Structure formats: structure tokens, C-alpha cells
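The values are calculated or read from the model by the stated rules, or taken from the named source; none is laboratory data. Note that the structure is a prediction, hence the values are computed from the model and not measured. As a convention, Cβ positions derive from the backbone with ideal geometry for all residues, glycine included, and neighbour counts pool all protein chains shown. The protein model used for the area step is the full one, side chains on, heavy atoms only, and it has no ligands, DNA or RNA in it. Shrake-Rupley method; radii C 1.70, N 1.55, O 1.52, S 1.80 Å.
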Amino acid sequence: MSIDVSLGSGALNVPLLNTGGIAGFIDTSLLGVEKTTTVKTTTAGTTAGTVNDYQKISIEGSIISDLYNFAGYENDTTTNQTIAFKTPYTTFNGIVVNTTGLTIAVSLTGITITTPDSTTTYSGILLIQGV
């Protein structure tokens, strides 16, 4: 897929790699920006809602970022929910932002959402970064 950009008397054909939502990106390698790959996985909440993980891996620097989007997440049980990273971290990682209102623990291999054991629904984002 590509897009034509008009430049006065000429035109420039710009290739687009992916234009899908948050996970979409344009190949910016010609601009000197580090290339990345993005993987999206969706996990159902224990009782309701979803957790979407948009994992971005820097090809040149090996930096991994996981952006979780919680949409109407509910856990009305007494069991914690664990979600494994698509690609595990190798050295360290940590929570940079957590706007979900949930208690979340992070390891090198995934996250554990401590059960709120309630009918409250939670929405927000969780950002984890590391190598």
C-alpha cells in the first residue's frame, strides 16, 4: 500500500507499512528514526472486558515497550489474572504509567493483575518499558 504526495509539478510515492490504529506505524527509516515492530495481543478480562497489549520492540536498540489498554476490565473472582508478554524482557523492566486503578505487578515474563474481586469495571492504560 502506498500514498501519492503532490510536490508542485511532480509526485512522490510513499510506501505505508501499516495504518491500523494504535499499532500502526509508517516506516521512518529514511528519516533516521529507529525502526520498530509492533505486535498486538488481546486478552479477555476474567469476568468482562478486554486487555489489549501493543508490544513495540526497537530493532536497533532492543528496547521493549508494552502498552496495555484496559477496556471495561472486570474481575469478579478471587483469582489474580496473569498475562504473559509476547516477547519477555531480558534484563529489567518497570511500570512507567498505570492509569487503570488496578494493582499490577510486573516480572520479566508478564504482568499479574491483583484481583479486585468486585463488579467494578476498569479502563485505562499501563505502560511498561525495559530491555
Legend entry - Residue in region 58-85 that is farthest from residue 44 (Cα to Cα), counting only those that are in a loop (DSSP other than H, G, I, E, B) and open to solvent by less than 50 Å² (accessible area, probe 1.4 Å): 61
Inset, instruction - Check whether at least one residue in region 86-103 is small (Gly, Ala, Ser), touching a Lys or Arg at 6+ places or on another chain (Cβ under 9 Å), open to solvent by less than 70 Å² (accessible area, probe 1.4 Å) and part of a strand (DSSP E or B), and report yes or no. - result: no
